[in-house]
Amino acid sequence: MQSYEKRVLRVLGYIHDNPGGDLSLDTLADVAAMSRFHWHRVFSGMMGKTIAQVTREIRMHRAACWLVQKDWSVAEVAKRVGYPNVGSFTRVFGEEYGLSPVAFRNRGDLRGSLPEPMNGECTMYSVDIESHPDRPVAALAHRGSYLEIGEQFQKAGTIFASRGLLPQMRGMLGLYYDDPGSVAEADLRSYAGVMTAEGTEVPEGMEAVSADGGRFAVLHYTGPYAGLKAAYDYLYGQYIPQNGLELRDAPAMEIYLNGPQDTAPDDLKTEVCAPIV
(Lines give C-alpha, C1' and ligand atoms only; values in the text may rest on other atoms or scores of the structure.)
Protein backbone atom coordinates (compact mmCIF):
# COMPACT_ATOMS: atom_id res chain seq x y z
CA MET A 1 0.00 0.00 0.00
CA GLN A 2 2.77 2.47 0.88
CA SER A 3 4.23 2.04 -2.59
CA TYR A 4 0.97 3.36 -4.05
CA GLU A 5 0.73 6.04 -1.37
CA LYS A 6 4.16 7.36 -2.40
CA ARG A 7 3.04 7.50 -6.01
CA VAL A 8 -0.08 9.49 -5.11
CA LEU A 9 1.96 11.88 -2.96
CA ARG A 10 4.49 12.32 -5.75
CA VAL A 11 1.75 13.17 -8.23
CA LEU A 12 0.04 15.61 -5.85
CA GLY A 13 3.35 17.38 -5.37
CA TYR A 14 3.85 17.54 -9.13
CA ILE A 15 0.42 19.09 -9.70
CA HIS A 16 0.97 21.73 -7.01
CA ASP A 17 4.43 22.55 -8.38
CA ASN A 18 3.26 22.78 -12.00
CA PRO A 19 -0.27 24.26 -12.05
CA GLY A 20 0.33 25.78 -15.48
CA GLY A 21 2.04 22.77 -17.00
CA ASP A 22 0.95 19.62 -18.79
CA LEU A 23 -1.19 17.75 -16.25
CA SER A 24 -2.69 15.27 -18.66
CA LEU A 25 -3.46 11.76 -17.52
CA ASP A 26 -0.52 10.44 -19.55
CA THR A 27 1.92 12.90 -17.97
CA LEU A 28 0.75 12.18 -14.43
CA ALA A 29 0.86 8.43 -15.11
CA ASP A 30 4.50 8.88 -16.11
CA VAL A 31 5.15 10.78 -12.87
CA ALA A 32 3.55 7.91 -10.96
CA ALA A 33 5.54 5.36 -13.01
CA MET A 34 2.40 3.35 -13.78
CA SER A 35 0.35 2.53 -16.85
CA ARG A 36 -2.29 5.08 -17.75
CA PHE A 37 -5.20 2.69 -17.18
CA HIS A 38 -4.07 1.28 -13.83
CA TRP A 39 -2.87 4.63 -12.52
CA HIS A 40 -6.24 6.30 -13.00
CA ARG A 41 -8.02 3.52 -11.10
CA VAL A 42 -5.48 3.58 -8.24
CA PHE A 43 -5.62 7.37 -7.88
CA SER A 44 -9.41 7.54 -7.99
CA GLY A 45 -9.76 4.70 -5.52
CA MET A 46 -7.36 6.25 -3.01
CA MET A 47 -8.44 9.88 -3.38
CA GLY A 48 -12.17 9.39 -3.94
CA LYS A 49 -11.98 11.71 -6.95
CA THR A 50 -10.67 11.50 -10.48
CA ILE A 51 -7.34 13.00 -11.46
CA ALA A 52 -9.19 15.58 -13.55
CA GLN A 53 -11.26 16.68 -10.55
CA VAL A 54 -8.25 17.01 -8.25
CA THR A 55 -6.21 18.85 -10.89
CA ARG A 56 -9.04 21.30 -11.51
CA GLU A 57 -9.54 21.97 -7.78
CA ILE A 58 -5.83 22.67 -7.26
CA ARG A 59 -5.64 24.94 -10.28
CA MET A 60 -8.77 26.90 -9.37
CA HIS A 61 -7.69 27.32 -5.73
CA ARG A 62 -4.34 28.69 -6.88
CA ALA A 63 -6.14 30.99 -9.32
CA ALA A 64 -8.48 32.25 -6.58
CA CYS A 65 -5.53 33.12 -4.33
CA TRP A 66 -3.69 34.91 -7.13
CA LEU A 67 -6.80 36.86 -8.16
CA VAL A 68 -7.17 38.17 -4.62
CA GLN A 69 -3.56 38.76 -3.64
CA LYS A 70 -1.76 39.53 -6.91
CA ASP A 71 -2.28 42.36 -9.37
CA TRP A 72 -1.89 40.09 -12.41
CA SER A 73 -4.44 40.32 -15.18
CA VAL A 74 -7.08 37.61 -15.48
CA ALA A 75 -5.31 36.44 -18.63
CA GLU A 76 -2.04 36.09 -16.73
CA VAL A 77 -3.70 34.14 -13.90
CA ALA A 78 -5.41 31.90 -16.44
CA LYS A 79 -2.10 31.18 -18.18
CA ARG A 80 -0.36 30.38 -14.88
CA VAL A 81 -2.94 27.71 -14.09
CA GLY A 82 -2.82 26.12 -17.51
CA TYR A 83 -5.62 27.93 -19.38
CA PRO A 84 -4.24 29.94 -22.33
CA ASN A 85 -7.84 30.65 -23.31
CA VAL A 86 -9.44 33.17 -20.94
CA GLY A 87 -12.93 32.10 -21.94
CA SER A 88 -12.44 28.49 -20.88
CA PHE A 89 -10.73 29.59 -17.66
CA THR A 90 -13.64 31.91 -16.85
CA ARG A 91 -16.14 29.11 -17.42
CA VAL A 92 -14.31 26.60 -15.22
CA PHE A 93 -13.64 29.16 -12.49
CA GLY A 94 -17.30 30.14 -12.48
CA GLU A 95 -18.36 26.52 -12.11
CA GLU A 96 -16.02 26.13 -9.13
CA TYR A 97 -16.61 29.46 -7.32
CA GLY A 98 -19.98 30.65 -8.60
CA LEU A 99 -18.50 33.95 -9.81
CA SER A 100 -16.47 35.13 -12.76
CA PRO A 101 -12.78 35.80 -12.01
CA VAL A 102 -13.39 39.56 -12.21
CA ALA A 103 -16.40 39.41 -9.87
CA PHE A 104 -14.47 37.21 -7.45
CA ARG A 105 -11.55 39.68 -7.42
CA ASN A 106 -13.87 42.64 -6.91
CA ARG A 107 -15.88 41.11 -4.07
CA GLY A 108 -14.88 43.26 -1.14
CA ASP A 109 -14.76 40.61 1.60
CA LEU A 110 -11.94 38.85 -0.22
CA ARG A 111 -9.68 41.87 -0.63
CA GLY A 112 -9.09 42.92 2.93
CA SER A 113 -11.33 45.98 2.53
CA LEU A 114 -13.67 46.08 5.50
CA PRO A 115 -17.04 47.85 5.61
CA GLU A 116 -17.47 50.99 7.63
CA PRO A 117 -18.14 50.19 11.29
CA MET A 118 -21.73 50.50 12.50
CA ASN A 119 -22.10 51.89 16.02
CA GLY A 120 -18.38 51.45 16.50
CA GLU A 121 -18.44 47.76 15.69
CA CYS A 122 -17.65 45.80 12.56
CA THR A 123 -20.30 43.21 11.82
CA MET A 124 -18.29 41.46 9.12
CA TYR A 125 -16.84 38.79 11.39
CA SER A 126 -17.86 37.09 14.61
CA VAL A 127 -15.11 36.78 17.23
CA ASP A 128 -15.25 34.92 20.56
CA ILE A 129 -12.75 34.51 23.38
CA GLU A 130 -12.29 30.79 23.97
CA SER A 131 -10.10 28.43 26.00
CA HIS A 132 -8.72 25.50 24.02
CA PRO A 133 -7.08 22.29 25.28
CA ASP A 134 -3.70 21.00 24.10
CA ARG A 135 -4.19 18.97 20.94
CA PRO A 136 -2.08 16.05 19.66
CA VAL A 137 -1.29 16.68 16.01
CA ALA A 138 0.43 14.68 13.28
CA ALA A 139 1.77 17.17 10.79
CA LEU A 140 3.75 17.89 7.65
CA ALA A 141 6.00 20.94 7.62
CA HIS A 142 5.59 23.60 4.95
CA ARG A 143 8.06 26.33 4.06
CA GLY A 144 7.00 29.19 1.83
CA SER A 145 3.78 30.94 0.86
CA TYR A 146 0.88 30.10 3.13
CA LEU A 147 -1.30 30.06 0.02
CA GLU A 148 0.49 26.89 -1.10
CA ILE A 149 0.13 24.82 2.09
CA GLY A 150 -2.82 22.99 0.56
CA GLU A 151 -0.40 20.47 -0.96
CA GLN A 152 0.68 19.36 2.51
CA PHE A 153 -2.92 19.07 3.73
CA GLN A 154 -3.76 16.85 0.77
CA LYS A 155 -0.72 14.70 1.44
CA ALA A 156 -1.53 14.41 5.15
CA GLY A 157 -5.07 13.30 4.39
CA THR A 158 -3.80 10.80 1.83
CA ILE A 159 -1.38 9.27 4.34
CA PHE A 160 -4.14 8.80 6.93
CA ALA A 161 -6.56 7.36 4.39
CA SER A 162 -4.09 4.96 2.79
CA ARG A 163 -3.00 3.58 6.17
CA GLY A 164 -6.49 3.03 7.54
CA LEU A 165 -6.18 5.80 10.13
CA LEU A 166 -9.30 7.81 9.31
CA PRO A 167 -11.06 6.69 12.54
CA GLN A 168 -8.25 8.38 14.50
CA MET A 169 -8.69 11.73 12.74
CA ARG A 170 -10.30 14.53 14.72
CA GLY A 171 -10.11 17.21 12.04
CA MET A 172 -7.53 19.33 10.23
CA LEU A 173 -5.52 22.15 11.76
CA GLY A 174 -2.90 24.58 10.47
CA LEU A 175 -0.17 26.25 12.54
CA TYR A 176 1.33 29.48 11.19
CA TYR A 177 4.49 30.78 12.86
CA ASP A 178 5.38 33.94 10.93
CA ASP A 179 3.77 37.21 9.87
CA PRO A 180 3.63 37.36 6.05
CA GLY A 181 3.94 41.14 6.31
CA SER A 182 7.35 41.01 8.00
CA VAL A 183 8.91 37.71 6.88
CA ALA A 184 10.00 36.93 3.32
CA GLU A 185 7.53 34.60 1.62
CA ALA A 186 10.16 31.91 1.05
CA ASP A 187 10.92 31.83 4.80
CA LEU A 188 7.37 31.50 6.14
CA ARG A 189 7.03 28.49 8.47
CA SER A 190 3.85 26.48 8.94
CA TYR A 191 2.47 23.01 9.56
CA ALA A 192 -0.43 21.20 7.93
CA GLY A 193 -1.77 19.03 10.71
CA VAL A 194 -4.23 16.28 11.46
CA MET A 195 -5.71 16.40 14.96
CA THR A 196 -5.70 12.87 16.31
CA ALA A 197 -7.25 10.82 19.08
CA GLU A 198 -5.15 10.50 22.23
CA GLY A 199 -2.59 7.74 21.93
CA THR A 200 -2.56 7.66 18.13
CA GLU A 201 0.88 6.79 16.79
CA VAL A 202 2.20 9.41 14.40
CA PRO A 203 2.46 7.87 10.90
CA GLU A 204 5.93 7.43 9.47
CA GLY A 205 6.89 10.48 7.44
CA MET A 206 4.89 12.90 9.62
CA GLU A 207 5.89 14.82 12.75
CA ALA A 208 4.33 14.94 16.18
CA VAL A 209 3.57 18.62 16.75
CA SER A 210 2.10 20.19 19.86
CA ALA A 211 -0.84 22.49 19.27
CA ASP A 212 -0.72 24.12 22.68
CA GLY A 213 -3.96 25.17 24.28
CA GLY A 214 -4.81 28.32 26.21
CA ARG A 215 -6.88 31.41 25.51
CA PHE A 216 -7.58 32.46 21.95
CA ALA A 217 -9.45 35.18 20.14
CA VAL A 218 -11.34 33.01 17.65
CA LEU A 219 -12.67 34.55 14.46
CA HIS A 220 -15.36 32.50 12.71
CA TYR A 221 -14.81 32.76 8.98
CA THR A 222 -16.99 31.38 6.20
CA GLY A 223 -15.78 31.50 2.61
CA PRO A 224 -12.90 30.63 0.27
CA TYR A 225 -9.47 30.24 1.80
CA ALA A 226 -8.30 32.99 -0.54
CA GLY A 227 -10.20 35.45 1.67
CA LEU A 228 -8.47 34.57 4.94
CA LYS A 229 -6.03 37.47 4.67
CA ALA A 230 -8.89 39.91 5.17
CA ALA A 231 -9.97 37.97 8.26
CA TYR A 232 -6.45 38.15 9.71
CA ASP A 233 -6.23 41.87 8.95
CA TYR A 234 -9.41 42.48 10.92
CA LEU A 235 -8.55 40.17 13.83
CA TYR A 236 -5.00 41.45 14.35
CA GLY A 237 -5.41 44.97 13.06
CA GLN A 238 -8.75 45.94 14.62
CA TYR A 239 -10.38 43.49 17.01
CA ILE A 240 -7.37 42.67 19.20
CA PRO A 241 -6.08 46.29 19.57
CA GLN A 242 -9.57 47.76 20.04
CA ASN A 243 -10.36 45.27 22.80
CA GLY A 244 -7.06 45.74 24.64
CA LEU A 245 -6.03 42.10 24.23
CA GLU A 246 -2.40 41.04 24.57
CA LEU A 247 -0.97 38.44 22.24
CA ARG A 248 1.19 35.65 23.63
CA ASP A 249 4.19 33.97 22.03
CA ALA A 250 2.52 31.11 20.19
CA PRO A 251 1.64 30.47 16.53
CA ALA A 252 -1.63 31.49 14.95
CA MET A 253 -3.87 28.50 14.35
CA GLU A 254 -6.57 27.67 11.84
CA ILE A 255 -9.10 24.94 12.56
CA TYR A 256 -11.00 23.69 9.51
CA LEU A 257 -14.56 22.65 10.29
CA ASN A 258 -15.09 21.21 6.80
CA GLY A 259 -13.00 20.85 3.67
CA PRO A 260 -12.87 21.56 -0.06
CA GLN A 261 -13.14 17.86 -0.90
CA ASP A 262 -16.90 17.97 -0.28
CA THR A 263 -17.78 21.63 0.37
CA ALA A 264 -18.29 24.57 -2.00
CA PRO A 265 -15.75 27.40 -1.53
CA ASP A 266 -18.34 29.86 -0.22
CA ASP A 267 -19.39 27.35 2.47
CA LEU A 268 -15.95 26.53 3.87
CA LYS A 269 -15.83 27.21 7.62
CA THR A 270 -12.56 28.13 9.33
CA GLU A 271 -11.78 29.21 12.88
CA VAL A 272 -8.87 31.65 12.91
CA CYS A 273 -7.31 31.46 16.37
CA ALA A 274 -5.01 34.20 17.69
CA PRO A 275 -3.27 33.21 20.97
CA ILE A 276 -3.86 35.75 23.75
CA VAL A 277 -2.79 36.12 27.38
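Computed values, structure above
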read-out: Residues that are surrounded by fewer than 20 Cβ atoms within 10 Å (Cβ to Cβ) and either free of Cβ contacts under 8 Å to residues at least 12 places away in the same chain or among the hydroxyl-bearing types (Ser, Thr, Tyr) (or both), drawn from segment 23-51; value: 24, 26, 27, 30, 35, 36, 37, 38, 41, 44, 45, 50
read-out: Single unsatisfied condition, residue 259 versus (1) more than 12 Å from the chain's Cα centre (by Cα); (2) more than 19 Å from residue 180 (Cα to Cα); (3) open to solvent by less than 10 Å² (accessible area, probe 1.4 Å); value: (1)
read-out: Looking only at segment 174-199, and only at residues there that are touching a strand residue (DSSP E or B) at 6+ places or on another chain (Cβ under 7 Å) and surrounded by fewer than 16 Cβ atoms within 10 Å (Cβ to Cβ), the one that is nearest to residue 143 (Cα to Cα); value: 189
read-out: Near pairs, Cβ below 6 angstrom, 6+ apart or cross-chain, from segment 118-136 (under 28 Å from residue 168 (Cα atoms) and surrounded by 10 or more Cβ atoms within 10 Å (Cβ to Cβ)) to any residue that is at pLDDT below 95 and among the acidic types (Asp, Glu); value: 134/212
read-out: Test: residue 227 is in a loop (DSSP other than H, G, I, E, B), open to solvent by less than 10 Å² (accessible area, probe 1.4 Å) and of a type outside the set (Asp, Glu); value: no
read-out: Residue in segment 72-90 that is touching a helix residue (DSSP H, G or I) at 6+ places or on another chain (Cβ under 7 Å), modelled with pLDDT under 90 and on the phi < 0 side of the Ramachandran plot present; value: no
read-out: Tally, over segment 124-140, of residues that are farther than 28 Å from residue 234 by Cβ and at pLDDT 95 or above; value: 2
read-out: Odd one out for residue 72 among (1) in a helix (DSSP H, G or I); (2) surrounded by fewer than 21 Cβ atoms within 10 Å (Cβ to Cβ); (3) among the aromatic types (Phe, Trp, Tyr); value: (1)
read-out: Residue 57, sole failed condition from (1) closer than 30 Å to residue 222 by Cα; (2) among the acidic types (Asp, Glu); (3) more than 17 Å from the chain's Cα centre (by Cα); value: (3)
read-out: Residue 171 vs. criteria buried (at least 17 other Cβ atoms within 10 Å of the Cβ) and under 14 Å from the mean Cα position of the chain (by Cα); value: no
read-out: Cross-chain or 6+ apart pairs with Cβ under 6 Å, segment 146-174 first and touching a residue at least 40 places away in the same chain (Cβ under 8 Å) and over 30 Å from residue 230 (Cα atoms), then open to solvent by less than 50 Å² (accessible area, probe 1.4 Å) and among the small types (Gly, Ala, Ser); value: none
read-out: Identity of the residue in segment 1-22, closer than 18 Å to residue 81 by Cβ and either among the hydroxyl-bearing types (Ser, Thr, Tyr) or part of a loop (DSSP other than H, G, I, E, B) (or both), that ends up least open to solvent (accessible area, probe 1.4 Å); value: 19
read-out: All positions within segment 174-200 that are closer than 11 Å to residue 149 by Cβ and in a strand (DSSP E or B); value: 174, 175, 176, 189, 190, 191, 192, 193
read-out: The lone exception for residue 244 - which of (1) in contact (Cβ under 8 Å) with a residue 60 or more places away in the chain; (2) among the small types (Gly, Ala, Ser); (3) farther than 17 Å from residue 65 by Cβ it fails; value: (1)
read-out: Sole exception among (1) part of a loop (DSSP other than H, G, I, E, B); (2) open to solvent by 70 Å² or more (accessible area, probe 1.4 Å); (3) more than 30 Å from residue 92 (Cβ to Cβ) for residue 250, by number; value: (2)
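The values are calculated or read from the model by the stated rules, or taken from the named source; none is laboratory data. All values derive from a computational prediction rather than experimental measurement. For neighbour counting, all protein chains shown are included, and Cβ atoms are generated from backbone atoms with ideal geometry for every residue, glycine included. Just the protein is used for accessible areas: all its heavy atoms, side chains included, with ligands, DNA and RNA removed. Shrake-Rupley method; radii C 1.70, N 1.55, O 1.52, S 1.80 Å.
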